[in-house]
Amino acid sequence: MSFAYVEKGRKGEMGLVGVQENGNREMDVSLGGKNKYKRVDPEFTEKLDDASNGQDRSSITRKYVLACAIFASLNSVLLGYDVGVMSGAIIFIQEDLNITEVQEEVLVGCLSIVSLFGSLAGGRTSDAIGRKWTMGLAAIVFQTGAAIMTLAPSFQVLMIGRFLAGIGIGFGVMIAPVYIAEISPTVARGSFTSFPEIFINLGILLGYVSNYAFANLPVHTGWRVMLAVGIMPSIFIAVALFIIPESPRWLVMQDRVEEARSVLLKTNENEREVEERLEEIQKAAGNTNGDKYEEKAVWRELLSPSPALRRMLLTGFGIQCFQQITGIDATVYYSPEIFQGAGIQDNSKLLAATVAVGISKTAFILVAIFLIDKLGRKPLLYLSTIGMTICLFSLGVTLTLLGGQVGVALSILFVCANVAFFSVGIGPICWVLTTEIFPLRLRAQATALGAVGNRVCSGLIAMSFLSVSRAISVGGTFVIFSAISALSVVFVYALVPETKGKSLEQIEQLFQNEHRWQGGEVELGDVEQLVQKE
């Protein structure tokens, strides 16, 4: 018989002094007088081995979910790259194709408006063909649009490509957070669901760098190369589709329970947890007794919501709109024009300043990833919205009253600080909240509605920024943005709950009682069960 020795006392000399049975199939062994060891039967060693294997499995599981989140977020690079690259490419497009200022606004802003059609279709499409393949469809449509824009000989053809790119982005921006939220373990859901926002920021930075890198090419060629580079992420997305699994929740909705269990075994640390989560998903999907929610029933519930669902829609849709009407896309799209108004005239210096904006926006999203599951959503939202309000007001005052080198330096500082505060809070958290607060059977469609609100607001701001700036000045426009941002602070205080850790009873009181809902906390599973009860 083989035995394992487990130390009971202080580590010391290894001299064997005596052995004494204790009646529990164990033997006390004295070593060097003061040290005692237990000699234990093989059953105990098996438990130690299981614990060690559990740690290994936990590490493998985290890495696997991390890889899935990264691959699923690649579509977000496309949106970010388009936003970043267009801010510089438009300078050369305007010169090459001789477009007017109104055409410039339409070209820049129409992508967000058009993308709402992709977002609306994305909810239904993802329920029909799956979350994973909807991401693939998004990449194909965007790639086609980007190729047409690259080769466009005129403004009209450029708009056709822009239309297709917008549809593809609409699909991608809606489905990535849903997929990640559905595949991530609860403890890290906030961090993983923030990944699309990280990749949007990375895409923006890459777009800025591309502008700067190709700025010295001939005008006719430079902007085409800038846009063509945006096709490259689609290649990685195609590879990712053969690596990542389908969402286990979607599989359960399709009655493919064994496939869902197989995916959960890869994304959870033990089989007992897998079975518990699978049962919860089945209940949330309404499949426990074979019930299926049809598309019409889902939209009917969204259009005629219960009081609890109405509050969820108000929170989810509102936070999506506030993310955009505070002017973040205008700041990113038109940062060269903003810096030009501050006093920078050289194109290379303008594009270099935008790179600094991209670095700030990307760097601070990492802060949100580390803090979102530790501090919670609401504290970061307060930090973000209050900081943005101060920076937007300061930028407006600077552009209106100051000039020269001081004005330029402060303008760059406040723009960078504004996008940093955006990235640390409302940027990623609006997507996290939207995917957390809705029940499973409504999640894809409700998230699609939120994405529509987000894209419409983005498009309206982007398509009107230059005209409004000409009417009331760039500085005056940012003062208006600061006032809207101040309203977002009030919205967060009054209507956004903290989505960290309360019981079903608390969540029921939270959503049924309007006053408690305004300051309470909520967990995803509790929301799903509550809506089912109603």
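The values are calculated or read from the model by the stated rules, or taken from the named source; none is laboratory data. Since this is a predicted model, take the numbers as computed values, not measurements. When we count neighbours, we look across all protein chains shown, and the Cβ atoms used for this are built from the backbone with ideal geometry, even at glycine. We work out accessible area using only protein heavy atoms, side chains counted, and drop any ligands, DNA or RNA first. Shrake-Rupley method; radii C 1.70, N 1.55, O 1.52, S 1.80 Å.
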Notebook entry, point to check: At a Förster distance of 56 Å, what's the computed FRET efficiency of His220 paired with Glu258, Cβ-Cβ distance as r, to 0.05?
Noted result: 0.50
Notebook entry, point to check: Given the alpha-carbon gyration tensor of the range 305-513, what are the semi-axes of its equivalent ellipsoid in whole angstrom, ordered largest first, with each equal to the square root of 5 times an eigenvalue?
Noted result: 34, 17, 14
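Given 10 °C and 1.306 mPa s, how large is the Stokes-Einstein diffusion coefficient of the range 155-274 in µm²/s, with Rh as the Kirkwood radius over Cα pairs?
On the way: Rh = 17.3 Å.
The estimated diffusion coefficient comes to 92 µm²/s.
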Margin query: Can you give me the solvent accessible area of Thr221 with a 1.4 Å probe, rounded to the nearest 10 Å²?
Written below: 60
Next item on the list: Summarise the accessible area of the range 55-244 (1.4 Å probe, protein heavy atoms) by the percent that is carbon and sulfur.
Entry: 73
Check: Regarding the range 55-244, what is the average projected area of its C-alpha convex hull, in nm²?
Finding: 10.9
Note to self: How much of the pair distance distribution for the range 147-218 lies past 19 Å, counting alpha-carbon pairs only, in percent?
What the structure shows: 56
Check: Going highest first, how would you order 415-421, 147-153 by mean Cβ packing within 10 Å?
Finding: 415-421, 147-153
Notebook entry, point to check: How do 454-467, 259-272 rank on mean C-beta neighbours within 10 Å, highest first?
Noted result: 454-467, 259-272
Checklist line | FRET efficiency, 1/(1 + (r/R0)^6) with R0 25 Å, evaluated for Leu303 and Ile484 via beta carbons | finding: 0.35
